[in-house]
There are 2 protein chains.
Amino acid sequence: MNEEAVFRMVPIGTIHRLDQGVRLEILEPYRPAMQQLEHFSHVMVLWWADRHDNEQSRSILQTEPPYAQGRVTGVFATRAEYRPNPIAMTTCKIRNVDQEQGYVDIAEIDALDGTPIVDLKAYFPVCDRVRDASIPEWLSDWPDWMPDEGLGL
Amino acid sequence: MNEEAVFRMVPIGTIHRLDQGVRLEILEPYRPAMQQLEHFSHVMVLWWADRHDNEQSRSILQTEPPYAQGRVTGVFATRAEYRPNPIAMTTCKIRNVDQEQGYVDIAEIDALDGTPIVDLKAYFPVCDRVRDASIPEWLSDWPDWMPDEGLGL
């Protein structure tokens, strides 16, 4: 592998926070890729944490998460937005899909209004639903499941 | 949002397929980000599908997946590697973490030897374990859970 390689991603849409819920607006050229998405209950939204797309944020490798004070944690062991590649991923509940208009309405997401979207992936239990998942002891009071409406800000 | 924007990602490591299992080799500068990862049972590996990083693959928006012949499906409703941004994500079972050597040994992954890694995210059930996930009727015979060893090639 060439360690100097750079991979290029383009936005395929934008996150818009509404009064109720959140709308993913997909750019017109990419709307055919939404076909059949309405048959899934959930979608994983890959978004670009653009406010952390700078040298300073991208060089943060360890943190003391608010939920684990005093424990130095590598960013790969967190879901922090600041990381070497500021790509974030949120599993979201689908409320409605309108391919013609380019809308995917979801219940919630932990991203700011205007955030660029770089990919959508339908949630397949066979890929991502882990029966026996364990987390560190100091997180043991966290829920075993995603909240019904997903995670917000 | 600027539709002409381009986001830049760099490799943080490489996937190496071994005789038994798979080793994620993390580049030296990023190894501090692995701290505490050994306390999680699973990790989501974001990898760059480099053989599909070309104009032809990136312009494929719909497909007829082998598991759903005759059904035209948008790539956002699949986990296909060919998509506008060829970023793939696989949930993997962690077997061992060696931060000093930069190794994360996992049971399986559906990526070829030599594939670049762009991010690791610890698997948090509160983020990604969906209690009531539904998929299209024509996939209803698929498992409700990820296989214990994960998905391979």
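Listed here are the residues, each with its yes/no results for (1) in contact with a His (Cβ under 9 Å, 6 or more places away or on another chain); (2) under 22 Å from B:Gln62 (Cα atoms).
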| residue | (1), (2) |
| --- | --- |
| A:Gly102 | no, yes |
| A:Pro125 | no, yes |
| A:Glu137 | yes, no |
| A:Asp144 | no, no |
| A:Gly152 | no, no |
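Answer yes if at least one residue in region B:127-146 is polar (S, T, N, Q), part of a loop (DSSP other than H, G, I, E, B), farther than 18 Å from B:His16 by Cβ and at the interface with another protein chain (Cβ under 9 Å from one of its Cβ atoms), and no otherwise. Spell out the reasoning first.
So in region B:127-146, the residues polar (S, T, N, Q) come out as B:134, B:140.
Remaining after also requiring part of a loop (DSSP other than H, G, I, E, B): B:134, B:140.
Still in the list and also farther than 18 Å from B:His16 by Cβ: B:134, B:140.
With the extra rule that they be at the interface with another protein chain (Cβ under 9 Å from one of its Cβ atoms), the set shrinks to B:134.
So far as region B:127-146 goes, yes, one or more of its residues are polar (S, T, N, Q), part of a loop (DSSP other than H, G, I, E, B), farther than 18 Å from B:His16 by Cβ and at the interface with another protein chain (Cβ under 9 Å from one of its Cβ atoms).
Quick check: is even one residue across region A:104-122 of a type in the set (A, V, I, L, M), farther than 26 Å from B:Gln36 by Cα, loosely packed, with under 15 Cβ neighbours inside 10 Å and under 18 Å from the mean Cα position of the chain (by Cα)?
yes
Can B:Ile60 be described as in a strand (DSSP E or B), in contact with a Phe, Trp or Tyr (Cβ under 9 Å, 6 or more places away or on another chain) and either among the β-branched types (Val, Ile, Thr) or within 23 Å of B:Trp145 (Cβ to Cβ) (or both)?
Answer is no for this residue.
Okay, residues lined up against (1) more than 17 Å from the chain's Cα centre (by Cα); (2) surrounded by fewer than 18 Cβ atoms within 10 Å (Cβ to Cβ):
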residue	(1), (2)
B:Gln56	yes, yes
B:Leu61	yes, no
B:Thr73	yes, no
B:Phe76	no, no
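Would you mind stating whether B:Glu4 is surrounded by 16 or more Cβ atoms within 10 Å (Cβ to Cβ), on the phi < 0 side of the Ramachandran plot and in a loop (DSSP other than H, G, I, E, B)?
Values: surrounded by 16 or more Cβ atoms within 10 Å (Cβ to Cβ): no; on the phi < 0 side of the Ramachandran plot: yes; in a loop (DSSP other than H, G, I, E, B): yes.
No.
Here is a check on your reading of the model: is A:Val97 within 19 Å of the chain's Cα centre (by Cα), touching a residue at least 60 places away in the same chain (Cβ under 8 Å), within 16 Å of A:Ala122 (Cβ to Cβ) and within 8 Å of chain B (Cβ to nearest Cβ)?
The answer is no for A:Val97.
None of the figures in this text is laboratory data; all of them are computed from the coordinates on show. Since this is a predicted model, take the numbers as computed values, not measurements. Note that each Cβ is placed from the backbone with ideal geometry, even for glycine, and that neighbours are counted across all protein chains shown.
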